[in-house]
Amino acid sequence: MCGRFAQYHSRETYLEALGDKVERQIAYDPEPLGRYNVAPGTRVLLLNERDEALHLDPVHWGYSPVWWHKQPLINAKSETAATGKMFKPLWNGGRAIVMADGWFEWKRDGSKKQPYFIYHQSGEPLFFAAIGKAPFDKEEENEGFVIVTAASDEGLVAIHDRRPLVLTPEAALAWMSEKTTPAQASEIAHEGVVPVEAFAWHPVNKAVGNIRNQGAELIDEIADPLV
């Protein structure tokens, strides 16, 4: 994880879930984003705080600093990101949030692979912890972002051993806050996470594996999963 996710509600739906007392520099837009198959290498609306207000910036999903000559990285482990050479600067000064409605994981059994869609049981928006090269509005200087992941547990581990670090609305705001220290961010990564029992999941069509497929039918449950 995380290699694909869905972001299909409007930006207003996600922002309302954060509460109505949040200062924002984001234009009102009630139109659904309609992205059912967001893939690495594309630009994603990244929620971040600058000058004590929330901003939305389209940022490349995949971190590739100028000295990095391999494939861009798309995830960072929460257990090591705060201290590792690659991600520590991003953890310290580039924390952001990816707004989502669910994510996809592929369950494997030998050569068989079956995609599953994972979402909040209540249908409420999800807030993935992310880190990247700030400021995110400087497109020519931006090196992208990664989604922070955590170890799965309980029933979800049967699908995949990693999952995005999904934060509660309150924790998401604190994660982005410029007043939050790196040490406090580490505490949020442990204490502000939505528990696994809050999620539900079901098998979906393998068509989600092709990034050209973007329709709402990609999140529909199928009756005959391979795994």
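The values are calculated or read from the model by the stated rules, or taken from the named source; none is laboratory data. As the structure is a prediction and not an experimental result, all values here were calculated from the model. Here the Cβ is made from the backbone with ideal geometry for all residues, glycine too, and neighbour counts use every protein chain on show.
Any idea which of Ile26, Ile97, Ile118 is in contact (Cβ under 8 Å) with a residue 12 or more places away in the chain and under 20 Å from Ala151 (Cβ atoms)?
On the way: Ile26 fails: under 20 Å from Ala151 (Cβ atoms); Ile97 fails: under 20 Å from Ala151 (Cβ atoms).
That would be Ile118, the only listed residue that is in contact (Cβ under 8 Å) with a residue 12 or more places away in the chain and under 20 Å from Ala151 (Cβ atoms).
Take the residues in segment 201-221 that are in a loop (DSSP other than H, G, I, E, B) and surrounded by 14 or more Cβ atoms within 10 Å (Cβ to Cβ), then tell me which one is nearest to the chain's Cα centre (by Cα).
The residue in question is Gln214.
Mind listing whichever residues of segment 59-82 are of a type outside the set (D, E, K, R), over 21 Å from Thr42 (Cβ atoms) and assigned to a strand (DSSP E or B)?
None - no residue of segment 59-82 is of a type outside the set (D, E, K, R), over 21 Å from Thr42 (Cβ atoms) and assigned to a strand (DSSP E or B), so the list stays empty.
Just to check your reading of the model, which residue among Lys85, Lys113 is more than 14 Å from Val148 (Cα to Cα) and either out of contact with any strand residue (DSSP E or B) (no Cβ under 7 Å at 6 or more places or on another chain) or assigned to a helix (DSSP H, G or I) (or both)? Break it down into steps so the answer makes sense when it comes.
Details: Lys113 fails: either out of contact with any strand residue (DSSP E or B) (no Cβ under 7 Å at 6 or more places or on another chain) or assigned to a helix (DSSP H, G or I) (or both).
None of the others qualify; the one that does is Lys85.
Any residue that is more than 20 Å from Met99 (Cα to Cα) and in contact with a helix residue (DSSP H, G or I) (Cβ under 9 Å, 6 or more places away or on another chain) - is there at least one of those in segment 131-139?
For segment 131-139, residues more than 20 Å from Met99 (Cα to Cα) and in contact with a helix residue (DSSP H, G or I) (Cβ under 9 Å, 6 or more places away or on another chain): absent.
State yes or no: is Ala134 at pLDDT below 95, under 27 Å from Arg24 (Cβ atoms), among the small types (Gly, Ala, Ser) and in a loop (DSSP other than H, G, I, E, B)?
yes
If you check Tyr14, Tyr36, which single one turns out to be touching a strand residue (DSSP E or B) at 6+ places or on another chain (Cβ under 6 Å) and outside any strand (DSSP E or B)?
The unique qualifying residue is Tyr14.
State whether the residues of segment 164-176 include one that is out of contact with any Leu (no Cβ under 7 Å at 6 or more places or on another chain), over 22 Å from His9 (Cβ atoms) and assigned to a loop (DSSP other than H, G, I, E, B).
Within segment 164-176, not a single residue is out of contact with any Leu (no Cβ under 7 Å at 6 or more places or on another chain), over 22 Å from His9 (Cβ atoms) and assigned to a loop (DSSP other than H, G, I, E, B).
Could you list, in sequence order, all residues of segment 1-54 that are more than 30 Å from Ile159 (Cβ to Cβ) and among the acidic types (Asp, Glu)?
Glu12, Asp20, Glu23, Asp29, Glu31, Glu49, Asp51, Glu52
Restricting to segment 23-57, name every residue that is modelled with pLDDT under 95 and touching a Leu at 6+ places or on another chain (Cβ under 6 Å).
Answer for segment 23-57, where residues must be modelled with pLDDT under 95 and touching a Leu at 6+ places or on another chain (Cβ under 6 Å): just Arg24.
Is segment 191-214 home to any residue that is β-branched (Val, Ile, Thr) and free of Cβ contacts under 8 Å to residues at least 40 places away in the same chain?
no
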